[in-house]
Amino acid sequence: MERLHKILAAAGMGSRRKCEEYIAEGKVTVDGEVVTEMGVKVDPARCRILCDGVVVRSQRPMHFLLNKPRGYLCTNRDELGRRSVLDLMKGIRGRLYTVGRLDAESEGAIIVTNDGELCNRLTHPRYGVPKTYHVVVAGTLTEATLARLRRGVWLSEGKTGPVKVRIKKRMRGLVVLDVTICEGMNREIRRVFAKFGLEVQHLRRISIGPIGLGSLERGNYRRLTDSEIARLRRPVP
């Protein structure tokens, strides 16, 4: 017997939090009965489980690192028919989803998997997994602004965690820097800089925890090694 949301996550239906949302929204049935109560335990070997009309079956865990190009969405469905990063995963069978998101104009490292447990570890704020971005900002970045960024900035969802900033180069009207955050508010980096009148012109995620892009070219993906997966599962110091 296992908790229903864990079964859904292990079957690649989404992160644990997403699977809890499916349950709360009445999208999950067990032997024909809608289940909306959290924490319910069922036997996946004996029960027929459907999520949003799809039969839930266990899958072999799959883990990929993808270098997302601009113009692609991190979603499984798009009502407007726009391109998804999953369109780049040619030849891979099975239900996959992205761990977190990059907006359409951003690019870089994103993990694609069906491992709900790992997804939860990499995205939940309490685990504090750092993500580092190469950012080009238009405007004047003062020491006072840097100090405020490093303390955290108030957005509509609340205050961000401290933002780690390393300036790499200053040019006329532009600043090139590496930015590290441990959260994942929607479009967080763009919004944080916009608070100070600074426009992000280029944003590329270069690492997730201990895993970097390396020589992986835009639009390509590779399987994560067992060693890399183990490193992603370790607690952050």
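The values are calculated or read from the model by the stated rules, or taken from the named source; none is laboratory data. Source: prediction; values computed, not measured. Reconstructed Cβ throughout: ideal geometry from the backbone, glycine too, with neighbour counts over all protein chains shown. Side chains are part of the model used for accessible areas, which takes the heavy atoms of the whole protein and leaves out ligands, DNA and RNA. Shrake-Rupley method; radii C 1.70, N 1.55, O 1.52, S 1.80 Å.
Of note:
- Residue satisfying condition, being part of a loop (DSSP other than H, G, I, E, B), open to solvent by less than 60 Å² (accessible area, probe 1.4 Å) and modelled with pLDDT of 90 or more, within set G108, G71, G100, G94: G71
- Total residues in segment 1-26, condition open to solvent by 70 Å² or more (accessible area, probe 1.4 Å) and more than 23 Å from the chain's Cα centre (by Cα): 3
- Set G152, G128, G161: member being within 22 Å of the chain's Cα centre (by Cα), surrounded by fewer than 15 Cβ atoms within 10 Å (Cβ to Cβ) and under 28 Å from R231 (Cα atoms): G128
- Cross-chain or 6+ apart pairs with Cβ under 6 Å, segment 181-196 first and charged (D, E, K, R), then open to solvent by 60 Å² or more (accessible area, probe 1.4 Å): E183/P125
- Scanning segment 10-37 for residues that are in a loop (DSSP other than H, G, I, E, B), at pLDDT below 90 and not polar (S, T, N, Q) returns A11, G12, M13, G14.
- Answer residue from segment 132-180, given it is basic (K, R), touching a residue at least 12 places away in the same chain (Cβ under 8 Å) and not in a strand (DSSP E or B) and is nearest to L102 (Cα to Cα) among those: R150
- So E33, is it under 21 Å from the mean Cα position of the chain (by Cα) and surrounded by fewer than 15 Cβ atoms within 10 Å (Cβ to Cβ): no
- Among the residues of segment 186-235, those identified as open to solvent by less than 40 Å² (accessible area, probe 1.4 Å) and either in contact with an Asp or Glu (Cβ under 6 Å, 6 or more places away or on another chain) or part of a strand (DSSP E or B) (or both) are V200, L203, R205, S207, I208, I211, G212.
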